[in-house]
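Structure record follows, encoded as C-alpha cells.
No lab work stands behind these numbers, since they all come straight from the coordinates. What you see is a predicted model, and the numbers here were worked out from it, not measured in a lab. Here the Cβ positions follow ideal geometry from the backbone for every residue, glycine too, while neighbour counts run over all protein chains shown.
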Amino acid sequence: MTATTPLWEVFIRPRNGLAHKHVGSLHASDEVMALQAARDVYTRRGEGNSIWVVPSAAITASDPDQTAENFEPTADKIYRHPTFYEIPDEVGHM
Amino acid sequence: MAVFEALLELADDHLILGHRLSEWCGHAPMLEEDLAMPNMGLDLIGTARTLYDQAGKLEGKGRSEDDLAYLRGEREYRNCLLVERPNEDFAHTMLRQLYFAAFMRPYWLAALTSTDEVVRGVAGKAEKEMAYHIRHAGEWVIRLGDGTAESAARMRDAVEGLHIYVDELFESSDAAQEAEAAGILPVRADMRAAWDRTVADVFAEALLEQPSAAYAQRGGRQGIHNETLGHLLAEMQVVHRAYPGARW
Amino acid sequence: MYSQGLIGADNRTEETPEFLARFQKRIDAEEKIEPKDEMPEGYRRTLVRQIGQHAHSEIVGMLPEGNWITRAPSLRRKAALLAKVQDEGGHGLYLYSAAETLGVSREEMTEELLSGKAKYSSIFNYPTLSWADMGTIGWLVDGAAIMNQIPLCRCSFGPYARAMIRVCKEESFHQRQGYEIVMTLAQGTPEQKAMAQDSLNRWWWPSLMMFGPHDADSQHSDQSMAWKIKRFTNDELRQKFIDATVPQAEYLGLTIPDPDLKWNEDKGGYDHGPIDWDEFWRVVKGHGPMAKDRIKARKKAWDDGAWVREAALAHAEKRRARKIAAE
C-alpha cells in the first residue's frame, strides 16, 4: 500500500472585506507545501488575496443523523425574525 | 546592437528554462506539481516573450518574438548553460530552478531602476515571480535534502552535477557589459552575495553542502553550448521551420 | 473536461423500498446530496466510478496534448497550450477531491487506473499526429466534453456539481483556443489547411463516440437519470453536439467526414451516418492505438515520483518530531 499524502481543505478570501470561503481540497505533505499547492492550484486566475489551509482530518463535522434534532427546532422560532413584528408603515423603515 | 544582444541573452535564459519545465507537464511526481511547474514555466515564457519583442524592436529589422525564438540555431542561442541542463529528475529540476531564481530575483530588483522603461516593466513583474520560484523550489530542495536516504543522495547528485554551471550566471558578455554601463541592465557580478545568501539558507535546512570550487563551465553567451540544446531546439522549432512563412 | 458516457456502472442497490423512496423524493425535489448524507449504495458506487473515470480522463488527457507543448509553433500557442494542459491537471485534481469525499483515496483511484481496472475516456487512446490535432481536440473533444459537463454542474451530488462548476468556468477558454488554432490553419497555406482537414477526419468519429453508446444500448442510463447524476441521454447530447459543430466546420471551409450527414428539417437537427460501434467497444476495452502507452506514461510518472512523495512525508515526520522535541 502506498503511503498517503495528507488531504487539506483550502479556503480563499476573494478580496478584503469578504470571508474566506471553502474552494476545494488538495494533497500535501505539510502545511508549507499545502499553502504553496493551494496557491498554484486554486489562484491561477486571480481568485483571491489570502489562503487558509486546514488538515481535513482536523475538521469536526456535525452528524448528518442529527440534522433533524440540530436544525429543525429553529423552524418554529419565527419571533427571531424581523418580519414577525408588525410596525405601521408610517413609522418608516426599522 | 549590444542592448539587443544582451536582451536576447536574458530572453533565451527564460525561454529555455520555461521549455524545460514544460517538459514535465503531465509527468510530475504528484498532481499538485503538475500545476506548480507549468505556473513557473508560464512565468518564464511570458518574460521571454516581452524581452524578445523588445529586442526585435531595438534591432529594427522587423524580427518578431517568434522569428527570434524559432529561427535561430544553437550557435545563435545565447542562454547560459545552467538553463539548458536536462530535467534529469525532480531533484535536479528543483535545484536548477532555485539557482536560476536566486540569481534573477536580485537581478530584477536591481533592474527596477533601469534607464529603460521596458526593462523596468519586466522587472516589476518578474521579481515577484522569482521570489515565489525561490520559495517553491527552495522548499522542495529542503524536503528532498532532508527527506529519505534516497532523496538526499539524489539531491547531493544534483548539487554535484549543477555546481559547475553556477559561475556563468554572474559573468557578463561584452554586449551585457555595454548594456550595464548604460544603466539599462544590472551588473551580473553584483548578484553574487544575494545568491550566496539565498542558497546558503536553503542548504542549511536541506543539510546540503556547496562543493568546493570546481572548474566552471561557460560558453553559452558565445553560443558554445552543451550537446543537449540542439535537441531541445530541434524539437521546439520543428513545426515552425517545416512551414516557412506560415502563420500559426 | 472529457467525461464520456459512463462505462460499466453498477447501479445495483439493496436498500429497502422505503429508504429508496425517501432518497428519490429528495432527488426529485432537486435537493443536493452531500457526502455524509445517507444514500443508496448503488448511488455511491456509481458516483465513485463516474467521478473517478472523469478524473482519470482529465489526467490521461494531459498526455496527448502534452505531446505537442514542446513543439508548439509560436510562443503564444505554447503558453496557451501549456496553460490548457495544466488546467486539465487541475480539473483532475478537483474531481479526485470530489470522489475522495465518498471515502475513496486518490492513491486508491490512481492504483485502479494504473492496474487497468478503472476506465477513462477512450478518446485519449488515439494518437496526436500533427499540430492541427491541438486545435481539433480543443474544438471537438472539449466541445463534446462541454456538452456533457454543463448538465453535470446540476448533478445531484454536491461535491461533484461544485467541482464541475469550477471546471466549466475555467474551461471556457479551451474550446475557443482550439477553434482559433483550426481557424488559423484553415485560413493559412494549402498545407496548413490540409493538416486541419486530416485532423478533422481523424477526430470526428471518435468525438461522436465520446457520448457513449446509443440510448437503446446504454444499460445504466435510466437509473443514473433518475438519480440526476446524469441529466440528458447519450443520444440527446450527441445530437446537440453535432448541431452545434456542423456550422462551425462550414465556417472554416472544412468537410466533416460523413457523407450521410444532412439537415433534417422535421427534427430540426442533422442526421448522421452509422457510428462504428465495433471500433468504439474495441477502444473502450483497451485496444485503442495509444492505450498501452498512456498507462505506461502514467505509471512511469507515478513510480518515478514515489521517492519524491516519500521524501516529503519523511521530512514532514522529522519536522513534527523536532517541534515536539523543542516544546
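Roughly how big is the stretch B:2-242's charge dipole about its Cα centre, with Cβ charges of +1 (Lys, Arg) and -1 (Asp, Glu), in debye to the nearest 20?
In debye, rounded to 20, the stretch B:2-242 gives about 320.
Specify which residue in the list C:L185, A:N49, C:A244 is farthest towards the positive end of the charge dipole of the protein assembly as shown, using unit charges on the beta carbon of Lys, Arg (+1) and Asp, Glu (-1), about the Cα centre.
Looking along the dipole axis, the top candidate is C:L185.
Between the stretch C:248-263 and the stretch C:19-87, how many Å separate their Cα centres?
So the separation of the two Cα centres works out to 30 Å.
By the gyration tensor of its Cα atoms, with a ≥ b ≥ c the square roots of the eigenvalues, what is the shape of the stretch B:2-242: rounded for a/c under 1.5, prolate for a/b over b/c, or oblate? Numbers along the way, then the final one.
On the way: a/c = 1.67, a/b = 1.36, b/c = 1.23.
Prolate shape, in that a/c is at least 1.5 and a/b is the bigger ratio.
Tabulate in residue order the Karplus-calculated ³J(HN,Hα) for the stretch B:49-57, using 6.51 cos²θ - 1.76 cosθ + 1.60 with θ = phi - 60°, rounded to whole Hz; enter x for Gly and Pro.
Using θ = phi - 60°, the values come out as 4, 4, 5, 4, 4, 5, 4, x, 5 Hz.
Assigning unit charges at the beta carbon (Lys, Arg +1; Asp, Glu -1) and nothing else, what dipole magnitude in debye, to the nearest 20, does the stretch B:142-235 show about its Cα centre?
Dipole of the stretch B:142-235, to the nearest 20 debye: 60 debye.
Might you report the magnitude of the Cβ-based charge dipole of chain A about its Cα centre, with Lys and Arg at +1 and Asp and Glu at -1, to the nearest 20 debye?
Value, rounded to 20: 660 debye.
Beyond 24 Å between alpha-carbons counts as too far, so tell me which of A:K21/C:K169; C:K32/C:K230; C:K169/C:K262; A:K21/C:K32 fall in that bin.
Details: A:K21/C:K169 17 Å; C:K32/C:K230 14 Å; C:K169/C:K262 33 Å; A:K21/C:K32 19 Å.
Correct reply: C:K169/C:K262.
Among rounded, prolate and oblate, which fits the stretch A:4-72 when a ≥ b ≥ c are the square roots of the eigenvalues of its C-alpha gyration tensor, a/c under 1.5 means rounded, and a/b larger than b/c means prolate?
Taking the square roots of the gyration eigenvalues as a ≥ b ≥ c, the stretch A:4-72 is oblate.
Does chain C classify as rounded, prolate or oblate by the C-alpha gyration tensor (a ≥ b ≥ c root eigenvalues; a/c under 1.5 gives rounded; else a/b over b/c gives prolate, otherwise oblate)?
It is oblate, given that a/c is not under 1.5 and a/b is not larger than b/c.
Post the alpha-carbon centroid distance, the stretch B:159-174 to the stretch C:151-189, in whole angstrom.
Going from one Cα centre to the other spans 43 Å.
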